Amino acid sequence: MRRVTLLATLLLVGCGSAHRPRPHAPNRHAPPRAPRTRLHVRTATRAVLPAPLQLPALAVRGGVAIAVGGLDAADRSLPTIERVAPGAPRVVGALPQAIHDAGAAALRGTVYVFGGGTAAGPTDAIVAIDRHGRARIAGRLPAPSSDLEAVRLGGEIVVVGGYTGAQPQRALLGFTPGRSPRRIGSLPHPLRYAAAAAVGGRLVIAGGTDGVTARADVLSFDPRTGRTRRIARLPHPLAHAAGAALRGRFLVLGGRGDGLASQRRAIWAVDPASGRVWRAGALPRALSDLSAVALGSRIVVVGGRDRAGRVHRELLGLAPR
């Protein structure tokens, strides 16, 4: 079994005054500092997808990870709906049209797929996929959009940024079934190909590109106030990375800079509460255009593209031990 180890040092500091009234007197009011915690993540599963895959939309419904669309090894859009975990990956349905660079999230037992690129350009379709793999049009985005992310946040799905075919977007859109998407917030700059996940009731967004250069910002969106603020910076700009949440931490996996062959292996962890960023481990190889999602107590990583332009079909499971 090939292993990937995430060695994350999480420093937890208690609240209270750090002032010492005398040089050598202990502060009786401050709680003791919590010990450092180490989180080890190993490759728990190594499976093979039916075919090489990059840029799929990925969602979890009822404990099952579903990959939707994407590009094949020849950069052709795919119409496939695949069950990727648990169990052996297999195709379970088809979309109305082939797409890539879409966003997907599950809500109320249904997987919703937002936008995506097609042979004719971005689409505005919102596609609902039921438990049997049947797909139908369930709504429309305000404008055609690809290169976006979709994350379930409480009782709605938030669509992050995107690209209309002419310009990247700043909008954060809220979607609930039966209603048209509405703008619930804004990003500080246009953004596409970002990594995103929900952590602690907030949406955390990292990296991406503003359409010209990759970004290093880590942003936090609070749905209660509608405000987005920067909470940290990655060590270097990253786009085309995957994002997922595990044990209250936000993980940014792989990605690349502005160069087509600048893929990275690193997995970065972010503590949204403190803004601390640390290297939490590495992928087996440098990959961009991969997808990741939390499935129970592990993270499922699907496909991706390496520095030589090869598209991969591996399915990795990263799980604490």
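Evaluation of residue 142 against the conditions (1) farther than 24 Å from residue 223 by Cα; (2) surrounded by fewer than 19 Cβ atoms within 10 Å (Cβ to Cβ) shows that the sole unmet condition is (1). Within segment 82-109, the residues that satisfy the criterion of being surrounded by fewer than 20 Cβ atoms within 10 Å (Cβ to Cβ) and among the charged types (D, E, K, R) are 83, 90, 108. When segment 276-321 is filtered for residues that are among the charged types (D, E, K, R), out of contact with any Gly (no Cβ under 6 Å at 6 or more places or on another chain), closer than 19 Å to residue 49 by Cβ and touching a residue at least 60 places away in the same chain (Cβ under 8 Å), the ones remaining, listed by number, are 305, 310, 313, 314. The selection criterion, being at pLDDT 95 or above and more than 23 Å from residue 299 (Cα to Cα), does not hold for residue 178. Segment 50-130 holds strands (runs of 3 or more DSSP E) entirely within its bounds, and those carrying 1 or more residues that are under 23 Å from residue 181 (Cβ atoms) and either over 17 Å from the mean Cα position of the chain (by Cα) or at pLDDT below 95 (or both) map to 78-85, 90-99, 110-114, 125-129. What do you reckon, is residue 112 touching an Asp or Glu at 6+ places or on another chain (Cβ under 6 Å), of a type in the set (Phe, Trp, Tyr) and crowded, with 17+ Cβ neighbours inside 10 Å? So residue 112 fails the test.
Of the residues 143, 150, 166, which single one is free of Cβ contacts under 8 Å to residues at least 12 places away in the same chain and either of a type outside the set (D, E, K, R) or under 25 Å from residue 77 (Cα atoms) (or both)?
On inspection, the qualifying residue turns out to be 166.
The values are calculated or read from the model by the stated rules, or taken from the named source; none is laboratory data. Only a predicted model underlies this, so the values are computations on that prediction, with no experimental measurement involved. Quick reminder, even Gly has a Cβ in these numbers, built from the backbone with ideal geometry, and neighbours come from all protein chains shown.
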